[in-house]
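The values are calculated or read from the model by the stated rules, or taken from the named source; none is laboratory data. Just so it is clear, the structure is predicted and the values come from calculations on it, not from any experiment. Neighbour counts run over all protein chains shown; Cβ positions are idealised from the backbone, glycine included. Remember, those area values only see protein heavy atoms, side chains included, never the ligands or the DNA or RNA. Shrake-Rupley method; radii C 1.70, N 1.55, O 1.52, S 1.80 Å.
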Amino acid sequence: MKHKDGKPGSQPDRRSRVVLITIMFAVLCGFSFYLGGIFCSERNRIEVKDVTKAVSSPRNQWLLLSKLNPRPYLNAAVTIKITLRRWKKYGVQRLTFMERHCPPAFERKECLVPPPDGYKPPIRWPKSRDECWYRNVPYDWINKQKSNQNWLRKEGEKFRFPGGGTMFPRGVSAYVDLMEDLIPEMKDGTIRTAIDTGCGVASWGGDLLDRGILTLSLAPRDNHEAQVQFALERGIPAILGIIATQRLPFPSSSFDMAHCSRCLIPWTEYGGIYLLEIHRILRPGGFWVLSGPPVNYENRWRGWNTTIEEQKSDYEKLQELLTSMCFKLYNKKDDIAVWRKASDNSCYSKLAKPEAYPPKCDDSLEPDSAWYTPLRTCVLVPSPKLKTSVLESIPKWPERLHVVPERISDVPGGSASTFKHDDSKWKVRAKHYKKLLSAIGTDKIRNVMDMNTVYGGFAASVIDDPLWVMNVVSSYAVNTLPVVYDRGLIGTYHDWCEAFSTYPRTYDFLHLDGLFTAESHRLGLIGSAIIRLVKQIFANIFWNAWKVNGYAIIRESSYFVDAIATIAKGMRWGCRKEDTEYGVEKEKILICQKKLWYSSNQSSRR
């Protein structure tokens, strides 16, 4: 043995040896922990050839999970402190700190989030649209600060949602009725998908569901506390997000309509960058609806703590910016103004002029790149190939659900025959799923996530059931999300090495078809590293976003099903293994149900 200076010498005394071994052990442990934390990075692939042995008893399985996850839950106060500390790392300009920020590997929390004291099984749809249990979403800020606007009211043990809002004092239904008068395309199936920026408690999106319009409500975690959690507790599609410095996680030309009701987004600032993002995700011929400042400034300016001259100037700037982006004022009445995006590309020819502002985006900017992609102050001109994807040309709802989308030709290997095969395949699979899990199609399941969709086939197969599906396409997979939107469905991009943009206990049903196989191939993982992958994905969605008493159907290779079942039993889930509709041995179905549990320091008991 040598001294640290490299010279040979006598054997160190016992105390020095112990200190040296201790230091080496600590360094090795720290390095191993670091490698384990970053195994999901595409740039740092780790192959581990040892296969973890199966654990026989549930108690031993729980011990195994505890070793993998030494912190089984995270106290809410600790979570808030961590969040505030992380926010300080980002600037306040353009609300950068409210955006999605994946923490470094050593800060990622792999832990269970216990339900709050007094948690109850959620109220079922459609009753849930109008009320929810207070203890399930115990945030009273909106109730106190917005009480005069009727967003929600606390009555005893429940929150009730009267359908109020800042810009619809007579109720959301009357507000949407006026909007339908301004946009007749909302009534005949032309408009199917919509996005609501700054959604509040998503009453607008909830009202549109009865009118055949599927709305994805968007809001950040801000001083309103839990707008998105309220929406999902009610059974209304919603996702955490904000337009700040990054693109929204949706493909271009996706939504038929975009809406902002006093969402207070400074649309004309920073070169119009926020409105340019709306332009990107809005389908050609799509509608942009704005209510609130500066619309109707002639009658409303006194209540906005400003002057009529300032509001007039803001409105003129907005109109000028929209015109430069090839929007035209479509209709306007009272507090609502509607603009329509150009259906053809003739308007965009003016962007070739040197003095054009905002300028045309160069061809290097991929229109569908939307996972941690910075916003740019340029106009994204729709592809001239889009003919039948224009709003006037795309089939009306519900016919467009099963019509072959034009953009399938942009998918490698995509064609009309592969689309029709996928469609028929999922009809068979959904029928088999309903035999295995009778809760599908009942009021027990409302919020559904398909965690590894291709063309949205599963969502299409259950379209007549009282549920909605968030279709997730991996940010590393072949980009099929435009096809999903062209069918009249909704979804998002995501990387399953990160937590999903939602709150705890927000989905009733999770569906996975080959997700673990796809991710293990992408990351080059084998052996026990695959077990860590299972654990990572469980931490990012299963443990926390899955509702108590919620269900999951996991369709995977037999190897993965067995690995998942081992961890699931240790977490006190109820799981059973079933055959697929084809009865093959290499692929199995695992059906699980999450059970209610509490941390040891909570007043509630199991």
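Normalised per residue, the accessible area of the stretch 399-594 is 31 Å², obtained with a 1.4 Å probe and no contribution from ligands, DNA or RNA. All other residues whose Cβ lies under 9 angstrom from that of Thr580 are scored, Lys and Arg at +1 and Asp and Glu at -1, for a net of -1. A cut-off under 13 angstrom between Cβ atoms defines the neighbours of Glu392, and their net charge, with Lys, Arg +1 and Asp, Glu -1, is +2.
Secondary structure note: in the stretch 399-594, about 40% of the DSSP beta bridges are antiparallel.
Note on exposure: Asp450, Asp177 ranked by accessible area (1.4 Å probe, complete protein assembly) read Asp177, Asp450, with the most exposed listed first.
Hey, what did the stretch 170-352 get for relative contact order, percent, Cα under 8 Å, at least 6 apart?
Numbers: 297 pairs, mean separation 32.2, N = 183.
For the stretch 170-352, the relative contact order is 18 percent.
For the residue pairs Lys341/Lys385; Lys120/Lys434; Lys158/Lys396, alpha carbon separations beyond 28 Å are given by Lys158/Lys396. For the set Thr442, Thr580, the ranking by accessible area, highest first and with no ligand, DNA or RNA atoms included, is Thr442, Thr580 under a 1.4 Å probe. Here Lys595 is the anchor, and the aspartates and glutamates within straight C-alpha reach of less than 17 Å, apart from those fewer than 8 places off in the same chain, are Asp117, Asp508.
For Ile195, the residues whose modelled amide H falls within less than 5 Å of its own, excluding neighbours fewer than 5 places apart on the same chain, are Leu216, Met257, Ala258, His259.
Working note: Karplus 6.51/-1.76/1.60 with θ = phi - 60° gives the stretch 269-281 the couplings 8, 6, x, x, 5, 6, 5, 5, 6, 4, 4, 5, 7 Hz, where Gly and Pro are set to x.
Share of the stretch 377-444's accessible area from carbon and sulfur, percent, 1.4 Å? Roughly 57 percent, rounded to a whole number.
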